[in-house]
Amino acid sequence: MKEYLTKSQKVKAACIVRHDNKILLLRNTQVTNPEDQTRGGYFDIPSFTVLFGEDPRTTLLDTLEGYVGEGMGDVTMLDVRQYISENDTTQIFEVLFTVETIDSFKVDERCGKCIFVEESELDLYMFPQEREYLKKYI
């Protein structure tokens, strides 16, 4: 009996959020879907799946607001990349944005979902390949 693998595509919106010269990271379980663990280490930059027909920028802002509340300013698209999932069944297109924060931006780091780290500390929290990709933007 032949076994057929389903091939699919997914769009993700990811962002670099800077505040007080630090970078926002979310806990891996909040960043990726359980079936796709290719991104991030223990923490990673915020990254969310974009549903069919939705705008990546809108998805990013709406979902990110659920984690950090208000206080986000300008959003700028930086790059688009594509990669294949670990099980070779999904082609992922990731739209990378940068999000500026405003003075009223506040995050409760005690919730355990997110932390702000210095650029020099990113290697402690992220997989090397993800950190390498971000080097050209940070």
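Below are the figures for this structure:
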item	result
Considering residues of region 112-135 that are touching a helix residue (DSSP H, G or I) at 6+ places or on another chain (Cβ under 7 Å) and charged (D, E, K, R) only, the residue farthest from residue 15 (Cα to Cα)	123
Condition check for residue 58: among the polar types (S, T, N, Q), modelled with pLDDT of 90 or more and within 13 Å of the chain's Cα centre (by Cα)	no
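Each row is one residue, and each column tells you yes or no for (1) modelled with pLDDT under 90; (2) within 18 Å of residue 19 (Cα to Cα); (3) buried (at least 18 other Cβ atoms within 10 Å of the Cβ).
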position	(1), (2), (3)
44	yes, yes, yes
71	yes, yes, no
88	yes, no, no
101	yes, yes, yes
104	yes, yes, no
110	yes, yes, no
124	yes, no, no
138	yes, yes, no
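The values are calculated or read from the model by the stated rules, or taken from the named source; none is laboratory data. Model, not experiment: these values are computed from the prediction. Using ideal geometry, Cβ is built from the backbone for each residue, glycine included, and neighbour counts are taken over all protein chains shown.
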